[in-house]
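Q: The structure under discussion is supplied below as structure tokens; questions concerning it will follow.
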Amino acid sequence: MADRDRRWSGGAAAGSWTPPAGPASPQGAHRGHGHQESFGQTDRTDLWWLYPVLQGVILALLIGYANYAAFLGADHYHYVEQGRHYLSPFYSPYIHPSWLPNWFSPALLILIFPLGFRTTCYYYRKAYYRSYFADPIACAVGEPRRAYHGETKFPFILQNVHRYFMYAAVVFLFILWWDVILAARFQTPDGVRFGIGGGTLAILASTGLLTLYTLGCHSLRHLVGGKLDCFSCVVAGGPRHKTWSVVSVLNGRHMMWAALSLGAVCFADLYVRLCSMGVIRDWVFFPFDMFTNAGPTGL
């Protein structure tokens, strides 16, 4: 059988290595050299500590800003000016029931879903395990603890709910793309026109990168085909194989999409916030009629 046929019939599991039969090794029996060292001790001579430190600082800054926007920034989540309509992604969809106290930010009603999706994400686990728990802080570097139970004990066993947060994240994508459409619909004296402003581009970048991050999720890759041993043996195997292939390409850059999307969401909120506060002026590149060939006009 040719390699191509093997890849097709073998599906996601093709080429995987199967260990020989025999008694299973006890958990934690095989450990790296760093496990024998005291915390932080290593024979490495490179700047192994630089990446987890930078990663931890950047992550702390972005998470800190996100908390500020969600808890204390409820006064400037929305920008409506001269027909433009920009909504911060931290507050989308905007839900504010009448019974909600004035001191309670409406962002907290919906952020539990994107927050849960990121917190349980495989990339973010790696990031905060290394940068904040130092467990493991780097390869071949001494760890602060010796007992290892994986994610089988509370509270880490809760990481297994990641797939359910993924379902919610996919639903949120439809809502966020609707916000992109609203950000590109300008109400003018002549009617509704399609336009592009600074806020349009910021919200588009945020939603686009969130889409790449969500569609590259490991759980989604498993759902669409990663769990199959043979694509040609199941119903709609061809489309599923193509879908799995696309998701796999995105999954290969999952770490990049995770970092860029978080930065883009914070930037979009900051842009909307500064416009709402009057600190900066939203630049409108062009609006034009949605259903005619009229040229660019100004607002």
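Q: Enumerate the amide H contacts of E143 below 5 Å, restricted to partners 5 or more residues apart or on another chain; note that Pro and chain-start residues carry no placed amide H.
A: For E143, whose amide H was placed from the backbone, the distant partners under 5 Å are E37, G40.
Q: Please give the peptides 63-76, 228-241 ranked by average Cβ packing (other Cβ atoms within 10 Å per residue), highest first, as a rough proxy for protection. Each step should come with its number before you reach the end.
A: Details: 63-76: 16.4, 228-241: 14.1.
The most tightly packed comes first, giving 63-76, 228-241.
Q: Rolling a 1.4 Å sphere over the protein heavy atoms, what is the accessible area per residue of segment 136-267, to the nearest Å²?
A: Here the residues of segment 136-267 average 51 Å² of exposed surface.
Q: Would you mind counting up the charge near A184? Only other residues with Cβ under 11 Å from its Cβ, with Lys and Arg at +1 and Asp and Glu at -1.
A: On the way: positive: R84, R185, R193; negative: D179.
It works out to a net charge of +2.
Q: Label T45 and R163 with points 7 Å out from Cα along Cα→Cβ: what is the distance between them in nm?
A: Taking the simple label geometry, T45 and R163 are separated by 4.7 nm.
Q: Each label point is 7 Å from the Cα along the Cα-to-Cβ direction; what then is the distance between the points at W178 and S248, in nm?
A: Those two pseudo-labels are separated by 3.5 nm.
Q: Report the one residue of Y91, Y122, G142 whose Cα lies farthest in the direction of the positive end of the charge dipole of segment 85-153 (charges on C-beta: Lys and Arg +1, Asp and Glu -1; origin at the Cα centre).
A: Ranked along the dipole, the leading option is G142.
Q: Once you have the Kirkwood Rh of segment 36-194 from its Cα pairs, apply Stokes-Einstein at 10 °C and 1.306 mPa s and quote D in µm²/s.
A: Numbers: Rh = 19.1 Å.
After rounding, the answer is 83 µm²/s.
Q: When only alpha-carbon atoms are used, what values of Rg and Dmax, in angstrom, describe segment 122-265?
A: In order Rg, Dmax, the Cα atoms of segment 122-265 give 20.0, 70 Å.
Q: Report the normalised scattering of segment 47-113 as log10 I(q)/I(0) at q = 0.25, 0.26, 0.28 Å⁻¹, calculated by the Debye formula with identical scatterers on the alpha carbons.
A: Normalising to I(0) and taking log10 leaves -1.09, -1.13, -1.21.
Q: I would also like to ask the following. How large a share of the accessible area of segment 72-230, in percent, is made up of carbon and sulfur atoms when the probe is 1.4 Å and the other protein chains stay in place?
A: On the way: 5410 of 8100 Å².
That share works out to 67 percent.
The values are calculated or read from the model by the stated rules, or taken from the named source; none is laboratory data. Everything numeric here is computed off the predicted structure, so don't read it as measured data. All Cβ positions, even for glycine, are placed from backbone atoms using ideal geometry, and neighbour counts span all protein chains on display. Protein only, heavy atoms only, side chains kept; ligands, DNA and RNA dropped before computing areas. Shrake-Rupley method; radii C 1.70, N 1.55, O 1.52, S 1.80 Å.
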